[in-house]
1. Determine whether residue 95 is in a strand (DSSP E or B) and under 16 Å from the mean Cα position of the chain (by Cα).
2. Could you check how many residues of the stretch 16-48 are surrounded by 15 or more Cβ atoms within 10 Å (Cβ to Cβ), more than 12 Å from the chain's Cα centre (by Cα) and either closer than 14 Å to residue 132 by Cβ or without any contact (Cβ under 8 Å) to a residue 12 or more places away in the chain (or both)?
3. Which pairs have Cβ atoms under 7 Å, sit 6 or more apart or on different chains, and link a residue in the stretch 86-103 that is more than 15 Å from residue 31 (Cβ to Cβ) to one that is part of a strand (DSSP E or B) and at pLDDT 95 or above?
4. If residue 53 satisfies all but one of (1) farther than 18 Å from residue 3 by Cβ; (2) out of contact with any strand residue (DSSP E or B) (no Cβ under 9 Å at 6 or more places or on another chain); (3) surrounded by 11 or more Cβ atoms within 10 Å (Cβ to Cβ), what's the number of the condition it fails?
5. Could you say which residue among 74, 59, 104 is closer than 19 Å to residue 127 by Cβ and in a loop (DSSP other than H, G, I, E, B)?
6. For the stretch 78-136, give me the residue count where each residue is surrounded by 14 or more Cβ atoms within 10 Å (Cβ to Cβ), at pLDDT 95 or above and more than 18 Å from residue 13 (Cα to Cα).
7. Considering only residues that are under 17 Å from residue 74 (Cβ atoms), in contact with a strand residue (DSSP E or B) (Cβ under 8 Å, 6 or more places away or on another chain) and part of a loop (DSSP other than H, G, I, E, B), which ones fall in the stretch 5-32?
8. Taking the residues in the stretch 54-69 that are in contact with a helix residue (DSSP H, G or I) (Cβ under 9 Å, 6 or more places away or on another chain) and farther than 17 Å from residue 107 by Cα as candidates, determine which candidate is modelled with the lowest pLDDT.
């Protein structure tokens, strides 16, 4: 059985996105805010550290010395599931998007334990993935 199934990662992701603080609690025509894969990984890891531990992976970021981080795992798995649901004509509770890296110098996040995590994607050939709960 996969960690995704074994550790109910989808439920953890949906829970993290559902508990996101909304600065426009009365709603906004843009809809819910998106989180980067790093922000999502930090939120999920904060509530469910056993998931990242089961994967034996680092949270992510520049300088960790590995190419398979928790943020990458979440982004890759969500992307696959969103695509599969779309191809099957089904809805998926999470939607994805990209933000361009054009003119972007860097992004730094604060992990739950207080240390700073700098995105490793700003200097790469990849755009930054974003995720949010799909509007019902």
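1. Criteria met by residue 95.
2. Of the residues in that region, 3 qualify.
3. 98/130; 99/130
4. Residue 53 satisfies every listed condition except (1).
5. Sole residue among the options that is closer than 19 Å to residue 127 by Cβ and in a loop (DSSP other than H, G, I, E, B): 104.
6. Adding up the residues that qualify gives 0.
7. Answer for the stretch 5-32, where residues must be under 17 Å from residue 74 (Cβ atoms), in contact with a strand residue (DSSP E or B) (Cβ under 8 Å, 6 or more places away or on another chain) and part of a loop (DSSP other than H, G, I, E, B): just 20.
8. By that ranking, first place goes to 68.
The values are calculated or read from the model by the stated rules, or taken from the named source; none is laboratory data. It should be emphasised that the depicted structure is a prediction, and the values quoted were computed from it without experimental measurement. Cβ sites come from the backbone with ideal geometry, for glycine too, and all protein chains shown count toward neighbours.
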